[in-house]
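Input: a single structure, listed below in structure tokens.
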Amino acid sequence: MAEFRLDAMGEACPVPLLRAEKKMKELKVGDILIVEIDHSCAMKNVPEWARKMGHNVELEEIEEGHWEIIIEKTN
Amino acid sequence: MSSSQTTLRTQPRTRPTRQKRNQVGYGLAVIAACAVIGILLGGIKAPLAIKWLFGIAFGFVLQRSRFCFTASLRDPVLTGSTSITRAVIIAFILATIGFSALQIGPYLAGQTVPGNINPVGIHTAVGATMFGIGMVIAGGCASGTLMRMGEGFLLQWLVIIFFVAGSLLGAFHFGWWETHFIASSPNVFLPQVLGYPLAFFGQLVLLGLLYLLALRWEYRKL
């Protein structure tokens with residue numbers, strides 16, 4: 001049940017998703033990945049991708065224009 | 001949307017969450033500024049105010065809906081997601097109906113058909129390829145870049161500088177393309193080639209098929 005962080009601040013649209021996808025492969029089931037983003041487009045496509053993969057997803061705006069996507073690896 | 005009780009986090013946030021400022025005041029100020037500028041523009045020339053209003057409405061919808069032409073073409077390849085692709089196809093269907101409503105009158109009356117009906121040829125493919133590569137690297141097409149500039153994503157401010165530079169460069173050697181390719185390319189208006197009913201319904205059917213294809217792409221390739 002480890003928690004990992006991925007700093008994708010300042011990265012434009014496909015990059016946060018691609019990095020999250022890559023990082024997820026290193027995680028074990030039950031681990032948590034927190035992706036930090038400030039690109040509004042990633043706020044849509046990262047959770048959408050993670051939900052489609054069947055993971056548990058949570059999106060939190062921690063300040064204006066700065067989000068954390070919390071993904072629990074379930075499979 | 002998420003409360004601290006139900007969070008997936010294993011440990012509580014170490015950094016305190018900064019108190020969010022109330023933005024209603026800013027919103028009202030922006031609406032007031034939009035109205036004032038709209039009235040001023042309307043005083044100069046009425047169509048200017050209409051363009052201003054459409055521009056704002058378009059930007060608002062673009063921002064709220066996360067509508068993105070770049071993602072619509074990039075995501076199917078990159079992630080297999082076609083939700084935005086399907087949104088763009090629906091927009092094309094609506095645009096087809098809307099433009100036809102505007103064009104059918106002048107067309108049947110034998111007048112000049114309104115709209116940008118430009119010659120199609122090899123230059124279209126070259127330009128589309130260059131634009132496609134550029135927009136994926138830049139993280140947005142023209143409207144997406146403008147929308148994200150407004151959101152405050154600084155990378156896009158850099159992008160717009162090179163967008164302008166590239167457009168100037170394009171305008172600079174447009175003459176070369178004009179003489180070599182555009183002048184000899186046909187100006188195709190489908191209703192003239194296929195007749196109005198076939199062009200209109202054919203385009204709708206084709207877009208509908210693309211929609212189904214996109215749906216199939218997303219749910220077969222996970």
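The values are calculated or read from the model by the stated rules, or taken from the named source; none is laboratory data. All of these numbers come straight from a predicted model, not from anything done at the bench. Glycine also receives a Cβ, built like all others from the backbone with ideal geometry; neighbour counts cover every protein chain displayed.
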When you look at B:Thr96, is it within 12 Å of chain A (Cβ to nearest Cβ) and β-branched (Val, Ile, Thr), yes or no?
no
Is there any pair linking a residue in the range A:10-30 that is more than 12 Å from every other protein chain (Cβ to nearest Cβ) to one that is of a type in the set (Gly, Ala, Ser), with Cβ under 7 Å and at least six apart or on different chains, and which?
A:Arg19/A:Ala8
Give the residue that is nearest to B:Ile104 (Cα to Cα), with candidates limited to residues of the range B:182-197 that are polar (S, T, N, Q) and touching a residue at least 60 places away in the same chain (Cβ under 8 Å).
B:Asn187
If A:Ala2 passes every condition in (1) loosely packed, with under 15 Cβ neighbours inside 10 Å; (2) away from every other protein chain (no Cβ under 11 Å) but one, which one does it miss?
(2)
Please enumerate the residues belonging to the range A:31-65 that are out of contact with any Lys or Arg (no Cβ under 9 Å at 6 or more places or on another chain), more than 8 Å from chain B (Cβ to nearest Cβ) and part of a strand (DSSP E or B).
A:Ile37
What's the number of the condition B:Ile97 fails, among (1) part of a helix (DSSP H, G or I); (2) among the hydrophobic types (A, V, I, L, M, F, W, C); (3) modelled with pLDDT under 90?
(3)
Please identify the pairs in which a residue from the range B:144-168 that is free of Cβ contacts under 8 Å to residues at least 24 places away in the same chain has its Cβ atom under 9 Å from the Cβ atom of a residue that is among the acidic types (Asp, Glu), counting only partners at least 6 apart or on another chain.
B:Gly152/A:Asp38; B:Gly152/A:Glu64; B:Phe153/A:Asp38; B:Leu155/A:Glu11
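Helices (runs of 4 or more DSSP H) wholly in the range B:1-80 with at least 3 residues that are at pLDDT below 90 and more than 8 Å from every other protein chain (Cβ to nearest Cβ) - which ones?
Numbers: elements: B:24-44, B:46-65, B:69-78.
Passing ranges, in order: B:46-65, B:69-78.
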Identify the residue in the range B:81-93 that is within 13 Å of chain A (Cβ to nearest Cβ) and of a type in the set (A, V, I, L, M) and, among all such residues, is nearest to B:Leu198 (Cα to Cα).
B:Ala87
When the range A:24-75 is checked residue by residue, the ones that are surrounded by fewer than 18 Cβ atoms within 10 Å (Cβ to Cβ), touching a Gly at 6+ places or on another chain (Cβ under 7 Å) and either modelled with pLDDT under 85 or within 28 Å of B:Ala138 (Cα to Cα) (or both) are A:Gly65, A:Asn75
Can you name the residue in the range B:37-52 that is surrounded by fewer than 15 Cβ atoms within 10 Å (Cβ to Cβ) and within 21 Å of the chain's Cα centre (by Cα) and, of all such residues, is farthest from A:Pro16 (Cα to Cα)?
B:Ile50
Report, by residue number, each residue of the range B:87-111 that is over 14 Å from B:Val205 (Cα atoms), in contact with a helix residue (DSSP H, G or I) (Cβ under 6 Å, 6 or more places away or on another chain) and among the hydrophobic types (A, V, I, L, M, F, W, C).
B:Val88
